[in-house]
Every structure is written in C-alpha cells, then in structure tokens.
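Structure first, commentary second.
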Amino acid sequence: MQGHRPFLALTASRGAGQAANSPCPISDGEFVGRQRSRIGEESAKAETERGWEEWFSLLDAWGATEMGHAPTAKHFEEAYDLSGWWAQKVTVEFERVRGLREVGQRGDEFVATVQRTIRAFPEPAYAALTEPDHLSRWFAQDARADVRIGGRYENKDGDRGKFLRLDPPGRIKYTWENPGRAPGTMVEIWIDPKYEARSLIRLEHSRLKNREELEDLRTDGAGPSIRCAPTWRREG
C-alpha cells in the first residue's frame, strides 16, 4: 500500500512519471496549511502585475470585508482579469491578513493549496495527471480512470471520485471520495504554460471540514502528497 494521497505525489518524478527515491521538498510559502502561507511578493507581481499591498489596498477600497468572500473573488477575477486560482488566492490572503480567517480557512471550509513550476509542457503534464498508465507509474497502484466529465477514477490505494471539469491541457476538477482520507472534498488543478518548456501547476484541495483534517492531510500520507508536484520533462 502506497498510502492515501491527493493528486500530486510526495516524490519527484523523472521522465514521464517515474518516481524518484527521495522526497521532494517544498519551499515555505507554498502550502496554505503552514504558518508562512503567502506566495512571495515577486511571484505575485510576476503573475498578477501587482504586489500584495497593492492588492490589499484595492480590496479595502472595494469593501471586500463587507462584501464577503465569494462576491469579492468573483469581482476581482472579472475586473482584473485574474485566473480563478489567483482571484481566490488574493481574496484569501486579504482575509487572513485582516484577521478574518485562520490560515487555510475559506468561509466555513478549510483549503490546502500548492503551486510549483515543473519541467514539462502543459500537454504531457495534463496527461500525467489524468491518464491511468501515467498515474500507475508515479502516483498510485493500479490506477483506473474514465477520463470524461462525469467519468470516475479509482486505484488500489482507496482513492476514488468523479471528474467534474476537464479542459485539456489547462484545468482538471474532480471529487475526492477516499473513505479513509477527507471524503466529500474537492480537488482542482490549473496548468499554465511558462518559459522554456515549463508549466506552472496550481492545486487546490477544498471543502476540508476543519483544521484537523487539513493538518492530517499535510502531515500524514495524504496531504504531503499535494505539497510536491512531480518534475516531468518532455521526452523525445
């Protein structure tokens, strides 16, 4: 048994999904369950053209504290042409800094997020995250998946769920129904092209019921897996 894990594995990968023997570390600031959860100022500017304080000023001016999380995230996604992931991240960071939530909390739920740049074009990265032959090589035992909206996936590690959104090669969304590890939760992945044949993978595991469930994912089998994306490289 390899253990129960959300989608991104503990170990780095070499080639198209071959697992490495050593764990893959993650930099502080990338996993929302940690005390230092914020993505760095330069990374925020590079991705959104604004730093954190500028975003927080805009959120204050718009009245985000009174408007609430969902309307705020929707407004900033549309008004400032942010991706859904960045709209959520900006809103969550604002709420955390203003004392409106705990680290990892979003409304009545807790959320774990991670991002990492990998050596792969979006197309092979998307394949490695959805196709059973790839998943069986680096993620789980005997992975099976009907890769279509409404199709189901499962493996011998107990992971199972249903695909809700598939936009190749950029977005994947599915339910997480592992009965022994945070059942009834949701995973969403964004894959964005970067420079020099690289991709930025962002993963969000949401609808966690409490901080204990988030910490359990982070420290015991499941959660550490979302802390580290595989480092694929395009072959051939």
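The values are calculated or read from the model by the stated rules, or taken from the named source; none is laboratory data. Source: prediction; values computed, not measured. Here Cβ is always computed from backbone atoms with ideal geometry, including for glycine, and neighbour counts include all displayed protein chains.
Every condition in (1) surrounded by fewer than 18 Cβ atoms within 10 Å (Cβ to Cβ); (2) closer than 20 Å to residue 206 by Cβ; (3) out of contact with any Ser or Thr (no Cβ under 9 Å at 6 or more places or on another chain) holds for residue 114 except the one numbered (1). On the given criteria, is residue 70 among the small types (Gly, Ala, Ser), under 19 Å from the mean Cα position of the chain (by Cα) and part of a helix (DSSP H, G or I)? Yes, satisfied.
With respect to the stated conditions, residue 169 is assigned to a loop (DSSP other than H, G, I, E, B), touching a strand residue (DSSP E or B) at 6+ places or on another chain (Cβ under 8 Å) and under 14 Å from residue 130 (Cα atoms). In region 123-132, is there at least one residue being surrounded by fewer than 18 Cβ atoms within 10 Å (Cβ to Cβ) and either touching a residue at least 40 places away in the same chain (Cβ under 8 Å) or β-branched (Val, Ile, Thr) (or both)? Taking every residue of region 123-132 in turn, at least one turns out to be surrounded by fewer than 18 Cβ atoms within 10 Å (Cβ to Cβ) and either touching a residue at least 40 places away in the same chain (Cβ under 8 Å) or β-branched (Val, Ile, Thr) (or both). Look at region 165-187: where a residue is at positive phi and a partner is part of a strand (DSSP E or B) and of a type in the set (A, V, I, L, M), sitting 6+ places away or on another chain with Cβ atoms under 9 Å, you get 182/208.
The number of residues in region 139-166 being part of a loop (DSSP other than H, G, I, E, B) and within 26 Å of residue 212 (Cβ to Cβ) comes to 6. Among the criteria (1) touching a Phe, Trp or Tyr at 6+ places or on another chain (Cβ under 8 Å); (2) under 30 Å from residue 195 (Cβ atoms), the one residue 121 does not fulfil is (1). Residue selection: residue 93 fails the criterion of being of a type in the set (D, E, K, R), part of a strand (DSSP E or B) and within 30 Å of residue 68 (Cα to Cα).
Of all residues in region 138-157, those satisfying the criterion of being buried (at least 18 other Cβ atoms within 10 Å of the Cβ) and not hydrophobic (A, V, I, L, M, F, W, C) are 153, 154, 155, 157.
Residues that are under 16 Å from residue 190 (Cβ atoms) and in contact with a strand residue (DSSP E or B) (Cβ under 7 Å, 6 or more places away or on another chain) within region 115-139 comprise 115, 116, 117, 118, 120, 121, 122, 125, 126, 129, 130, listed in sequence order. Among the residues of region 110-130, which ones are assigned to a strand (DSSP E or B) and either modelled with pLDDT of 90 or more or of a type in the set (Gly, Ala, Ser) (or both)? The answer is 112, and nothing else. Considering region 172-182, and only residues there that are over 22 Å from residue 193 (Cα atoms) and in contact with a strand residue (DSSP E or B) (Cβ under 9 Å, 6 or more places away or on another chain), the residue that is modelled with the lowest pLDDT turns out to be 182.
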